[in-house]
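The values are calculated or read from the model by the stated rules, or taken from the named source; none is laboratory data. Quick caveat, the model's predicted, so the values are computed rather than measured. Reconstructed Cβ throughout: ideal geometry from the backbone, glycine too, with neighbour counts over all protein chains shown.
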Amino acid sequence: MRNVQRSIIAIGVMAIAGFGSVSGAAAKPKSALKVAPAKPGVKTPIAVSFKAPKMKRPRGYYAVDLTIGDGTGPRCGGLVPSVLLRASAGRTFTATLKPNPGRWCDGQATVEVRRYGSGVSSPVLARRTFPIGTGVSVPLPDVPVKITVLGGSTLTATAAGRPDRSAQLTGVLRGTLRGGFKPTLIDGRRLLPGDLNVEQISGSLTPLGAALAQAVFPPDPLCPDTKPPGTFDAVPTSSTLVLPANGAATFNLTLNGAASQLFGCGPAGPLNGTSTLPLTGKPAPPKGLLELGMTGSVTGIPLPAGSQGGLAASLVLMVEPGKG
């Protein structure tokens, strides 16, 4: 009986010891994804290795993506999309990532591995995060944007029963791209320009003809004593231009003055309130943003004697990010 008890106690001690060793092993699993060095400098190539089952091409392959911060940075490589991992000894796949153009961005880097095949990609199979350089991202500086109103730009005032009044326009507007350009990562593989949001747009639209120096266009016959203003001045706090990666651009050009004052039918005195011209247009090759046509209108402007009018703009713009 004593021998049996001793055996049971011995088995129990072994079981506890075995449980402890399994628990310790589970607490420190070996990662299938490794990067070296652990803290690379801004000019250091990064070696990536990944352990996974072999695959026969063209059935599929493994690839790695690297992103530093939000993938943007001034004159540094913040994103490396889809580098092929090549098979080496055993079940190891490797790749070397090099900074382009010449240096990495400072910040927290993330590498992700996916499996690709038949035109589709898997969810993330492995991920590692590590610091590069200082490990602290450097915010992108704001980018100035110059918007030049080109020849062929017009503003037209319309009212039922009266002739249209139209003026050729010119002028320069200036805005800001907050935080610079922000690329977009699509499916972890493609880098496309993200939407460009130009804010704080200031400047004026002025008549091209010298004879109209005192007003954007001649007074309306119904309101001969209240001329339109000499310039249409943008309101920076609410004028925005959105240039999407795909699709039509939108320009909410907010101007000083009530719509009836811009039309030229008062009320008399200083301009009060604001009016927004909602403009749209799609950049088209070969000119793109260098000759961007945009149109829009404001209707239902209240005029004397219960009538209504409208303002229609057709602008040709040259948009130049990076120019003040």
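Overview of values
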read-out: Flag for Pro81 being within 30 Å of Leu177 (Cβ to Cβ), crowded, with 21+ Cβ neighbours inside 10 Å, touching a strand residue (DSSP E or B) at 6+ places or on another chain (Cβ under 9 Å) and outside the structural domain of Leu177 (by TED's automatic domain parsing); value: no
read-out: Strands (runs of 3 or more DSSP E) lying entirely in region 228-324 (those with 3 or more residues that are without any contact (Cβ under 8 Å) to a residue 60 or more places away in the chain); value: 249-256, 274-281, 292-302
read-out: Residue tally, condition under 35 Å from the mean Cα position of the chain (by Cα) and touching a residue at least 40 places away in the same chain (Cβ under 8 Å), over region 138-166; value: 18
read-out: So Val172, is it among the aliphatic types (A, V, I, L, M), crowded, with 19+ Cβ neighbours inside 10 Å and either in contact with a Cys (Cβ under 9 Å, 6 or more places away or on another chain) or modelled with pLDDT of 90 or more (or both); value: no
read-out: Boolean, Gly230 is assigned by TED's automatic domain parsing to the domain that holds Ser202, of a type outside the set (S, T, N, Q) and within 15 Å of Leu196 (Cβ to Cβ); value: no
read-out: Residues being among the hydroxyl-bearing types (Ser, Thr, Tyr) and surrounded by fewer than 14 Cβ atoms within 10 Å (Cβ to Cβ) - total across region 95-147; value: 5
